[in-house]
Amino acid sequence: MPSDVRTLVNGFAKNPLQTRREGLYFKEKDYKCVRADDYSLYAKNDNRGVIVVKTHLFLLVATYIEGMYPSVCVEATEKLDRMLAVYFDNPGGPENLYIKEVPKPIPGEGEVLLKVAVSALNRADLFQRQGQYHPPPGASSILGLEASGYVSELGPGCQGHWKIGDPAMALLPGGGQAQYVTVPEELLMSIPEGLTLHQAAAIPEVWLTSFQLLHLLGNVQAGETVLIHAGASAVGTAAIQLTRMAGAIPLVTAGSQKKLQMAEKLGAAAGFNYKEQDFCEATLKFTKGAGVNLILDCIGGSYWEKNVNCLALDGRWILYGLLGGEDVSGPLFSKLFYKRGSLITSRLRNRDKKYKQMLVKAFTEQILPHFSKDGPQRLLPVLDRVYPMAEIQAAHEYMQANRNVGKIVLELPQ
């Protein structure tokens, strides 16, 4: 802390405050109090710019101001109407990402303002940063599809399910990689007992996606065989556990022995390294020629023929990503037709609010209790790495290199 600003802070008892038409100033030095929160004082000087004073003494300072200058208290401890967020101005590589101060959102009708402690990284964030995946209409352009934190404010019309200070995690269409985000109250979920905020941030987007793919779309049944591509990804690690819980048999593909070992540890019956073997042949061998009943596919184009060849009669193929391309060249329809197979596509982010409310409600009732310590068949989000928000570029580079096994999460400054 600069010595002159320390003098100002420690000298409040000497009444160094002065109110002017433009706001609250300090007499001894021409610093204007431009913002304040619980732990920091933001003092501006025309020659030196904004100086951030972080001190526990400021709690006493704020109390002093409120008592002595009630008419200017709002200026001295004004609501934090700005926040830090992950931002990029132009589409491109991770180097385009930076931390920017932006307006704090205001909760609307039926919305809750969540103070974000931890957010998470998803492939959708990489695609959005590259200019290939735009947020749905009306959604925040800030990255981040899930977050955990504390309820900070209730908008008008909230039904009383939440109160200020409640810990919660949220499914989002965007905006999670910021210090605050607004959420419809029905899309908030309680954090299961025994889980940390880091683990909670790893649940909403990927586990709701996996639940949707397996149950709402795939109608998975006990005894069926499920092929899960990218089995060591966040969605993959969730899908393995949910498949086991449904009484079905999970098979996975992955690109390294380390990833296959993790998948098998989580419950995969078998894993196939797509870089070293033909997963279609390996799948047919495992199923004794019958094929799999359900495929969860985030790859798309480059896998189409092998997928349809190892699909069982009346099998369901759920396509939820296009990491392997969008083009298909060959007799896809005839092969699928002769197997009476179903090809179902899915995107969760652009689903409407009503659908997401239904999904969150079903997940909360059927799956969420299994994350608790005392719950039967306990489920557990898999965390790979934790990055501070300031290292967002490194986090994107790590995911883009396909190095993660499980979830990458981001700590937000508090």
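The values are calculated or read from the model by the stated rules, or taken from the named source; none is laboratory data. The shown structure was predicted, so the numbers you read here are calculated from the model rather than taken from an experiment. Glycine also receives a Cβ, built like all others from the backbone with ideal geometry; neighbour counts cover every protein chain displayed. Heavy atoms of the whole protein, side chains included, go into the accessibility calculation; ligands, DNA and RNA do not. Shrake-Rupley method; radii C 1.70, N 1.55, O 1.52, S 1.80 Å.
Grab the beta carbon distance between GLU281 and GLU109, set R0 = 56 Å, and tell me the FRET efficiency rounded to 0.05.
After rounding to 0.05, the efficiency reads 0.50.
Taking a label point 7 Å from the Cα of ASP352 along the Cα→Cβ vector, which residues of the stretch 134-170 have an amide N closer than 18 Å to it?
Within reach of a label on ASP352, which here means backbone N under 18 Å from a point 7 Å along Cα→Cβ, the stretch 134-170 contributes 136-139.
For HIS396, HIS215, HIS370, write out the residues from largest to smallest accessible area, computed with a 1.4 angstrom probe and no ligands counted.
HIS215, HIS370, HIS396
In the stretch 348-394, what trypsin sites (Lys or Arg not before Pro) fall in a loop by DSSP, with at most 11 other Cβ atoms inside 10 Å?
Those that pass, being in a loop and sparsely packed, are LYS373.
Note down the net charge around LEU114, summing +1 for each Lys or Arg and -1 for each Asp or Glu among other residues with Cβ under 12 Å from its Cβ.
With Lys, Arg at +1 and Asp, Glu at -1, the neighbours total -3.
Taking 51 Å as R0, compute the FRET efficiency from the Cβ-Cβ separation of ILE99 and GLN221 and round it to 0.05.
After rounding, the FRET efficiency stands at 0.60.
Given the options SER329, GLY267, ASN307, identify the residue whose Cα lies farthest towards the positive end of the charge dipole of the stretch 218-345 (+1 on Cβ of Lys, Arg; -1 on Cβ of Asp, Glu).
GLY267
Using r as the Cβ-Cβ distance of ASN273 and HIS161, and R0 as 60 Å, what FRET efficiency do you calculate, to the nearest 0.05?
Approximately 0.85, to the nearest 0.05.
Excluding GLU397 itself, calculate the net charge of residues whose Cβ lies under 12 Å from the Cβ of GLU397, where each Lys or Arg counts +1 and each Asp or Glu counts -1.
Here the charged neighbours net out to +1.
Here are some pairs, LYS259/LYS353; LYS104/LYS354; LYS259/LYS288; which of them have Cα atoms lying more than 28 Å apart in this structure?
Check vs 28 Å cut-off fails for LYS259/LYS353.
Could you check the simple spin-label distance between ASN402 and ASP327, using points 7 Å along Cα→Cβ, in nm with one decimal?
For the pair ASN402/ASP327, the computed spacing is 1.9 nm.
Using alpha-carbon positions, what is the distance between the centroids of the stretch 92-134 and the stretch 180-201, in Å?
Between the Cα centres of the stretch 92-134 and the stretch 180-201 lies a distance of 16 Å.
Take each of the peptides 225-233, 314-322, average the number of other beta-carbon atoms within 10 Å over its residues, and list them starting from the highest.
Result, highest mean Cβ count within 10 Å first: 225-233, 314-322.
Taking a 19 Å limit on the Cα-Cα distance, which of the listed pairs LYS100/LYS407; LYS275/LYS407; LYS115/LYS163; LYS306/LYS407; LYS361/LYS407 fall beyond it?
Numbers: LYS100/LYS407 24 Å; LYS275/LYS407 22 Å; LYS115/LYS163 13 Å; LYS306/LYS407 27 Å; LYS361/LYS407 23 Å.
Result: LYS100/LYS407; LYS275/LYS407; LYS306/LYS407; LYS361/LYS407 exceed 19 Å.
Determine the share of the stretch 218-345's accessible area contributed by carbon and sulfur atoms, expressed in whole percent, with a 1.4 angstrom probe.
52 percent
Where does the charge balance sit around PRO173 when Lys and Arg score +1, Asp and Glu -1, over other residues with C-beta under 14 Å from its C-beta?
With Lys, Arg at +1 and Asp, Glu at -1, the neighbours total 0.
Full extension from LYS335 to LYS288: what is 0.36 nm times the residue separation minus their Cα-Cα distance, to one decimal in nm?
14.9 nm is the gain from fully extending LYS335 to LYS288.
Charges only on Cβ, +1 for Lys and Arg, -1 for Asp and Glu: so what's the dipole of the stretch 236-341 about the Cα centre, in debye to the nearest 20? It would help to have the intermediate numbers written out before the result.
On the way: 12 positive and 9 negative charges, 69 e Å.
In total the dipole reaches around 340 debye.
Compute the projected area of the convex hull of the Cα atoms of the stretch 218-345, averaged over all viewing directions, and report it in nm² to one decimal place.
Details: hull surface 27.5 nm².
Directional mean of the projected Cα hull area for the stretch 218-345 stands at 6.9 nm².
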